[in-house]
1. Work from the charge dipole of the range 23-148 (Cβ charges, +1 for Lys and Arg, -1 for Asp and Glu, about the Cα centre) and give the residue of THR28, SER69, PRO126 farthest towards its positive end.
2. Compute the signed sum of charges (Lys and Arg +1, Asp and Glu -1) over the other residues within less than 10 Å, Cβ to Cβ, of VAL43.
3. What ranking, highest mean first, results for peptides 131-138, 114-121 when packing means the other Cβ atoms within 10 Å averaged over each residue?
4. What distance in nm separates the two pseudo spin-label positions at SER53 and GLN20, each 7 Å out from Cα along the beta-carbon direction?
5. Within 10 Å, count the other beta carbons around each residue, average over each peptide in 59-65, 47-53, 21-27, and list them highest first.
6. Estimate the FRET efficiency between LYS148 and ILE32 by the formula 1/(1 + (r/R0)^6), using the beta-carbon distance for r and 35 Å for R0, to the nearest 0.05.
Amino acid sequence: MGIINFQGKRNKEISKPTPQILVSDYMTKKLITFNPSDSLVHVINLLIKNKISGGPVVNDKNELVGIISEGDCIKHISDSKYYNMPIDKENTVEKNMVSNVETIDKNMNIFDAATKFISSKRRRFPIVENGKLIGQISQKDILKAAIKVKGNNWK
């Protein structure tokens, strides 16, 4: 006599698709931006006043042309001391910014963005749409997203 299985037909679990958590959901839209002609003294004052570590540099059409950071300012201060040159109004953002800027897509999944932060060792990524700066995502924004979805599966 064979073994008879008395289990009934099992329905497959219907899994709800996990909603995508996008960069656009957590990016900062109100940004402190800099102009290429701004002096480094102006930048340093804004960084300190606003407790930020850097920001995007845009032209008059709000097109991203670079990024300026605390590190760029500190490098200039160090070079100025070494070459015995003062920090003055001639020392502009344009001369000290990073102009080859890596951006991130607003529709990227927040966890893919986290991976991009790790591999690039950057602290922030600007988000550009149709050539215009529309926002910025920082490592802190990624952390905020992670805390908000804690308890859910990381998908």
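Read-outs: derived from the displayed coordinates by stated rules, not from any lab. Being a predicted model, the structure only gives us computed values, none of them experimental. Backbone-built Cβ (ideal geometry, glycine too); neighbour counts: all protein chains shown.
1. THR28
2. Working: positive: none; negative: ASP38, GLU70, ASP72.
Summing Lys and Arg as +1 and Asp and Glu as -1 gives -3.
3. Numbers: 131-138: 18.9, 114-121: 12.2.
Descending packing order for the listed peptides: 131-138, 114-121.
4. Taking the simple label geometry, SER53 and GLN20 are separated by 2.8 nm.
5. Top to bottom by mean Cβ count within 10 Å: 21-27, 59-65, 47-53.
6. On the way: r = 24 Å, r/R0 = 0.69.
Taking R0 as 35 Å, the efficiency between LYS148 and ILE32 is 0.90.
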